Amino acid sequence: MYGPETNRCQHKAMATRQSRRATVRGVTVFGVHTGLQNITMGELRALWRRIEDLGFGWISIWDHFYAATFQPDDAYCQEAVAAHAALAAVTSKVRCGSLVYCAGYRHPAVLAKTMCTIDQISDGRCDFGIGAGWAQLEYAAYGIPFPSIKDRMDILEEAVQCARGLLRDEVTNFSGQYFTLTNARCEPKPVQPKLPIWIGGSGEKRTLKIAATYADAWNVPFVSPETFAHKRSVLHQHCDTIGRDPAEIRCAVNVGIAWTEDSLQAQFGALANAVRPGVLAGSEQEVIDRIGEYIAAGADQVNLALRAPIVVEEVERFAAALDLS
């Protein structure tokens, strides 16, 4: 027999599902950013396939030579370009992104050529992200000069112009302090006429200005909704200054997912407190509510930022909570 209490439960469950669907509709894409440290390529391939099957619309990789723990003996980390190509090859629906390649040790012409090929591999699903770089430990270990922050920002600004020209123009000429292109061609071109270019970072004076000027999308990791809203506002101010419609720039945030404190500590260790403002935690409803705060702050895309030990069940729980599949 079904009585009034059963009907109330059914209505409550239906309302919950509708609330979750409304949250999903508020963001164009939910994605997963997969850290490449302390994980095998076999594990990554299986993980990427599972993420795609769960209904996520985006998977990205990072660009580090060492694990992001700041420890000089923690160097187990897959190489980014090779991993990006593998991601493109083993998936069929998700956007395949990089958040973000380092302009300090990746020549923009070589990166542009690489992105063209990865876009061919993925049949037009590649996104290209680039940033100034920050992990001084990696530079020092590999004998790569680590310039000042000003010089790294100058390198980034030149690099994104070079890459953008090579990806979109028939011939590119550029003469800068760090890069020179002379009648440079990049063929075959990407499948996408305008392969999306991302800038990653939160610096208000330079990074966000560069994003406003040259990027199709911008990403920032592990910030609270309030900080995200502020950074996005600064980005829009830069757009206003140069006369660009800020709606042209996709705004995304990378957040952690840790259903328990033990999970947070296992993933981030000594960095746990630093990233905590940008970690989804608590009950399913609390996670959904927090996503709603990012949406209200202007997020077009929310990516779960994972690093080993990756518990697939936590990702599955998230996907189920938001009815992604």
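Every number here is computed from the coordinates shown, using simple stated rules; none is lab data. Computed from a predicted model, the values in this text were never measured in an experiment. Every residue, glycine among them, receives a Cβ derived from its backbone with ideal geometry; neighbour counts consider all protein chains shown.
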message: Pairs of alpha-carbon atoms within less than 8 angstrom and 6+ residues apart define the contacts here; what relative contact order does the chain have, in percent?
response: 20 percent
statement: Given 96-105, 224-233, 247-256, the highest-first ranking by average Cβ count within 10 Å works out to 96-105, 247-256, 224-233
- request: For the chain, give the share of DSSP beta bridges that are antiparallel, in percent and rounded to the nearest 5; count only bridges with both residues there.
  value: 10 percent
task: Averaging over all projection directions, find the projected area of the Cα convex hull of the stretch 169-254 and quote it in nm² with one decimal place.
output: 7.0 nm²
- request: Using the Karplus curve 6.51 cos²θ - 1.76 cosθ + 1.60 with θ = phi - 60°, work out ³J(HN,Hα) for each residue of the stretch 64-69 in order, rounded to whole Hz, and write x for Gly and Pro.
  value: 9, 9, 10, 5, 7, 10
task: Scan around Leu280 for amide H atoms under 5 Å from its own, H built in the peptide plane at 1.01 Å from N, and keep only partners 5 or more places away or cross-chain.
output: Gly256, Ile257, Ala258
- request: Take the eigenvalues of the Cα gyration tensor for the chain, scale each by 5, and report the square roots as semi-axes in whole Å, largest first.
  value: 35, 22, 20
- request: Would you mind computing, in nm to one decimal, how far apart the modelled labels at His230 and Glu187 are, each placed 7 Å from Cα along Cα→Cβ?
  value: 5.0 nm
- prompt: Count the lysine pairs in the stretch 78-232 that are 8 or more places apart or on different chains: how many have C-alpha atoms under 26 angstrom apart?
  reply: 13
- prompt: Residues with amide H under 5 Å of Ile39's amide H, sequence separation 5 or more or different chain, H placed in the peptide plane at 1.01 Å from N; which?
  reply: Gln78
query: If one takes the longest principal axis of the Cα atoms in the chain, at what angle in degrees, from 0 to 90 and to the nearest 10, does the Cα axis of helix 225-242 lie?
result: 40 degrees
query: Of the peptides 35-43, 177-185, how do they stack up when ordered by the mean number of other Cβ atoms within 10 Å, highest first?
result: 35-43, 177-185
